[in-house]
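A.B. asks: Okay, here's the structure, questions in a sec.
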Amino acid sequence: MIPVNYYLALSAVLFCIGALGVLVRRNALVIFMSIELMLNAANVAFVAFSRQFGHLDGQIMVLFVLTVAAAEVAVGLAMIVAIFRVRASINVDELNQLRG
Amino acid sequence: MTAAPFITFAVLAAVAVASGLAMMLSQNSVYSALFLVINFTVVAVLFLVLGAPFIAMLQITVYAGAIMVLFIFVIMLLGGERLPAPQQRLRWQQSLAVVLVLALLALAGYVFAQGAAPAAVLADPQQYGSPAALGMLLFTKYLFPFEFTSLLLLVAMIGVVVLTAVEERRRRLPRASRRT
């Protein structure tokens, strides 16, 4: 059996790629996809620990993360569509109306 | 014989990391979405290896299926694949982001290297990860959170309808004036 550390390392690498995508990219859709990647990385860690300790609780957590991700994507994409109607752009650099 | 699981894991992890990087670096949003589908599928196979068949199927249907279809639908709706590459307003921010993410990765690696792996508990392979066992746990111990997710999905649905229904109201006005 593969040690749980390997899965945790993979989870960390995927999470860091997602974080880099959120920080570097300016396209709101790609930023959302990067957030999905980060949630997915957390799921890998949950399932790996679930396997390691022989409990199913980790897999239940993945179920809830999946639900939250679905809700988040639906609301987020609706917001992107609403913003695109007004600004005709999904570049997050141009959404600076709240700048104080 | 003992090398086979490691080779499987190495191949899956390499594809997952490569598709994640390709998703992040691709300039075309549609390619990004398709690379993310590859990533989700590979992670679903990892879940299968880890003894979570139900979660793996859920990953395929919900993530790689429903959520990514929604993504691609919105990309096509907005013409996101044809958007020109925007000029960077904060040039220093990109390099700073790379440095900070590498620092985060180093920190995570340090933490994982410090802690010894806890002893593996081998569960009953017949019961572990089966939909029946998962459902039993979901409807007893996690009944309240499960009910709460239905509320969350309802609120999200109402939110989406409210956010996107603006156009509909505007379109109805001239028709009413035409009638009078």
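The values are calculated or read from the model by the stated rules, or taken from the named source; none is laboratory data. Not measured: the values here are computed from a predicted model. A quick note on method: Cβ atoms are made from the backbone with ideal geometry, for glycine too, and the neighbour counts reach across all protein chains shown. Only protein heavy atoms, including side chains, enter the accessible area calculation; ligands, DNA and RNA are left aside. Shrake-Rupley method; radii C 1.70, N 1.55, O 1.52, S 1.80 Å.
A.B. asks: Considering B:ALA22, B:ALA18, B:ALA64, B:ALA13, which residue is assigned to a helix (DSSP H, G or I), in contact with a Ser or Thr (Cβ under 6 Å, 6 or more places away or on another chain) and surrounded by fewer than 23 Cβ atoms within 10 Å (Cβ to Cβ)?
C.D. replies: Just a single option satisfies the conditions, and that option is B:ALA64.
A.B. asks: Tell me, which residue of the stretch B:136-159 that is open to solvent by 40 Å² or more (accessible area, probe 1.4 Å) and either over 17 Å from A:VAL62 (Cα atoms) or hydroxyl-bearing (Ser, Thr, Tyr) (or both) is farthest from the chain's Cα centre (by Cα)?
C.D. replies: B:THR140
A.B. asks: Still on this structure, I have one more. Give me the residue from the stretch B:25-52 that is among the polar types (S, T, N, Q) and out of contact with any Phe, Trp or Tyr (no Cβ under 8 Å at 6 or more places or on another chain) and, out of that set, most open to solvent (accessible area, probe 1.4 Å).
C.D. replies: In this case the residue turns out to be B:GLN27.
A.B. asks: While we're here: Can you confirm whether the stretch A:26-33 contains a residue that is over 26 Å from B:VAL30 (Cβ atoms), in contact with a Lys or Arg (Cβ under 9 Å, 6 or more places away or on another chain) and not polar (S, T, N, Q)?
C.D. replies: Scanning the stretch A:26-33 turns up no residue that is over 26 Å from B:VAL30 (Cβ atoms), in contact with a Lys or Arg (Cβ under 9 Å, 6 or more places away or on another chain) and not polar (S, T, N, Q).
A.B. asks: Now, a different point. Here are the criteria: (1) under 25 Å from B:VAL161 (Cβ atoms); (2) more than 7 Å from chain B (Cβ to nearest Cβ); (3) open to solvent by less than 30 Å² (accessible area, probe 1.4 Å). Tell me which single one A:ALA45 does not satisfy.
C.D. replies: (1)
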